[in-house]
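What follows is a single structure, written as structure tokens, with notes after it.
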Amino acid sequence: MTVADHPRLPDAAPRVLIPIGVPLGLQHPAAGAGETVFRIRLGREVYALTDDMLGAWLLAHSTGHGRASLAAALARDGVADPVAAIESLLGAGLLLETGLGAEPALVLAATCRLVPLMAGVRPADGGQYVVGVPGSVERRVGGVFYEVFCRATSTPSMLEALAGWLAVDPDAGLSLDVAAERLLGELAEPLERGVVALERAAEQRP
Amino acid sequence: MSGPGLDPVLPVGLALGRGRVADTSPHRVANTGGVELLDPHEWQVWSLAAAAGEPRGGLDRARLQAAARELGAERVSSVYYGLLERRLLIETDSRGEWAERVTMHALLSGLGQLDREGTQYALGVIGETPMVRLDAASYDAWQWLPFGPTLGAAAKTLGVAGGVADFRTVTDRVATLIARGAAYLLATKERQ
């Protein structure tokens, strides 16, 4: 079975929301007219998010939110219509919904690529690596994530990065689906902590 | 002053750190064609080119090589030309021809304006203290120069590269962003 023809997961399977896009920051209106907006870059497009959408997009960086838990968290934060905010982001491609497990992880890896937002620094113990801004911040990341990170500039998707790594490092001892599942597990923290962003593989690079 | 090697030399690629054995593995740099391995002397020249963008706007060929020798790098000339050949360094020129051979990629997250007047902008991690503060023109360079098939094309689209003086400004801004860990260059794919 290839990635393209894998079956859809049953609706009852747990699904998590993953943020897509690169933050460009707050922009105040010229001459005080209009609203302050937060902009997200997705490929060659720039989206201006409303406060509610921004809240949903940022909260989605926290590990493991599904639609229901994200909506509940937004409601606690005072968002009047959390479902609409989430749907707007899904519709714009700024959130992506995925299942858990090897097959959804393969699909995610095939459809997205990493956008590095920090540089690699050094290896760490336990098979991990340090990524960051030398002299400023350091983040520990998992070994599978790091191998994909290393190939982010030369491959169109995380899946091709994984396959490229496993082809040259048979000592890794991982099948592609196991590596993809580990990647999905290791991806949440670097996404939350600003080490990388995700873009869709099909999206033109800016 | 302009001519081959007389303008700033910039690093190409994203630093990845060393491999699994921290003290003995080669340094790694990601480029469009894959991961490049750099020995300690190559790394010294490459990282010096990266750091030199601030406060001086980058070092030209002779100054970069002299600085590398001062730091103890060996066989500097052959290392330098080897890195140029591998497209891990690029010699800039005042006309901006160099910028047609690379793309620029932003690092860090944009945090946006720090003041209503729009004179100060910040990069970093959302929810944390800003790491890099930029003026409006440098922030524009950070957010818009990645758009385009080449850095040169993006600069022209932005209207910031109308002449030699303009392109020197673009080069200075790119060098500064690289030195501050806010951007990196990649070689365009055609020659990889």
Being at pLDDT below 95 and either among the β-branched types (Val, Ile, Thr) or under 27 Å from residue A:155 (Cα atoms) (or both) narrows B:13, B:17, B:53 down to just B:17
Output the residue which, of all residues in the stretch A:140-176 that are charged (D, E, K, R) and within 13 Å of residue B:34 (Cβ to Cβ), is surrounded by the fewest Cβ atoms within 10 Å (Cβ to Cβ). A:160
Hey, among the residues in the stretch A:121-133 that are at the interface with another protein chain (Cβ under 7 Å from one of its Cβ atoms) and either among the polar types (S, T, N, Q) or under 17 Å from residue B:184 (Cβ atoms) (or both), which one's surrounded by the fewest Cβ atoms within 10 Å (Cβ to Cβ)? A:121
Residue under question is residue A:109, and the condition is that it be under 30 Å from residue A:52 (Cα atoms) and crowded, with 22+ Cβ neighbours inside 10 Å; does it hold? yes
Six or more apart or on different chains, Cβ atoms under 7 Å: show the pairs whose first residue is in the stretch A:61-81 and touching a residue at least 60 places away in the same chain (Cβ under 8 Å) and whose second is charged (D, E, K, R). A:61/A:192; A:62/A:192; A:63/A:192
Read through the list (1) surrounded by fewer than 18 Cβ atoms within 10 Å (Cβ to Cβ); (2) without any contact (Cβ under 8 Å) to a residue 12 or more places away in the chain, then give the number of the only condition that residue A:97 fails. (2)
I'd like to verify a number: residues in the stretch A:179-199 that are in contact with a helix residue (DSSP H, G or I) (Cβ under 7 Å, 6 or more places away or on another chain) and part of a helix (DSSP H, G or I), how many? 9
Subset of the stretch A:148-206 [closer than 28 Å to residue B:148 by Cβ and among the hydroxyl-bearing types (Ser, Thr, Tyr)]: A:153, A:154, A:155, A:157
Every residue from the stretch A:36-45 that is touching a strand residue (DSSP E or B) at 6+ places or on another chain (Cβ under 8 Å) and more than 9 Å from chain B (Cβ to nearest Cβ): A:37, A:40, A:42, A:43
Just checking, which of A:56, A:60, A:33, A:48 is more than 22 Å from residue A:79 (Cβ to Cβ) and either touching a helix residue (DSSP H, G or I) at 6+ places or on another chain (Cβ under 7 Å) or within 13 Å of chain B (Cβ to nearest Cβ) (or both)? A:33
Enumerate the strands (runs of 3 or more DSSP E) found wholly within the stretch B:75-192, keeping only those where 1 or more residues are without any contact (Cβ under 8 Å) to a residue 24 or more places away in the chain. B:109-113, B:121-124, B:132-134
Of everything in the stretch B:164-188 that's surrounded by fewer than 24 Cβ atoms within 10 Å (Cβ to Cβ) and of a type in the set (Ser, Thr, Tyr), which residue is nearest to the other protein chains (Cβ to nearest Cβ)? B:188
Might you let me know whether the stretch A:168-190 holds any residue that is within 14 Å of chain B (Cβ to nearest Cβ) and within 18 Å of residue B:125 (Cβ to Cβ)? yes
Any chance residue B:118 is in contact with a helix residue (DSSP H, G or I) (Cβ under 7 Å, 6 or more places away or on another chain) and more than 8 Å from every other protein chain (Cβ to nearest Cβ): no
Determine, yes or no, whether residue A:63 is surrounded by fewer than 14 Cβ atoms within 10 Å (Cβ to Cβ), in contact with an Asp or Glu (Cβ under 8 Å, 6 or more places away or on another chain) and among the β-branched types (Val, Ile, Thr). yes
Can you tell me which condition residue A:110 does not meet? The list is (1) among the hydrophobic types (A, V, I, L, M, F, W, C); (2) in contact (Cβ under 8 Å) with a residue 12 or more places away in the chain; (3) within 14 Å of chain B (Cβ to nearest Cβ), and all the others hold. (3)
Pairs, please: C-beta under 8 Å, at least 6 apart or cross-chain, first residue at positive phi and in the stretch B:43-61, second of a type in the set (A, V, I, L, M)? B:57/B:175; B:58/B:9; B:58/B:10; B:58/B:49; B:58/B:52; B:58/B:175
Checked B:73, B:68, B:62, B:30 against criteria (of a type in the set (A, V, I, L, M) and in contact with a strand residue (DSSP E or B) (Cβ under 9 Å, 6 or more places away or on another chain)); the one match is B:30
Could you tell me which residue of the stretch B:16-75 is farthest from the chain's Cα centre (by Cα), considering only residues that are basic (Lys, Arg) and surrounded by fewer than 19 Cβ atoms within 10 Å (Cβ to Cβ)? B:20
Looking at (1) modelled with pLDDT under 95; (2) buried (at least 23 other Cβ atoms within 10 Å of the Cβ); (3) touching a helix residue (DSSP H, G or I) at 6+ places or on another chain (Cβ under 9 Å), which is the only condition residue B:106 fails? (1)
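The values are calculated or read from the model by the stated rules, or taken from the named source; none is laboratory data. This is a predicted model, so every value here is computed, not measured. We place every Cβ from the backbone using ideal geometry, glycine too, and count neighbours over all the protein chains shown.
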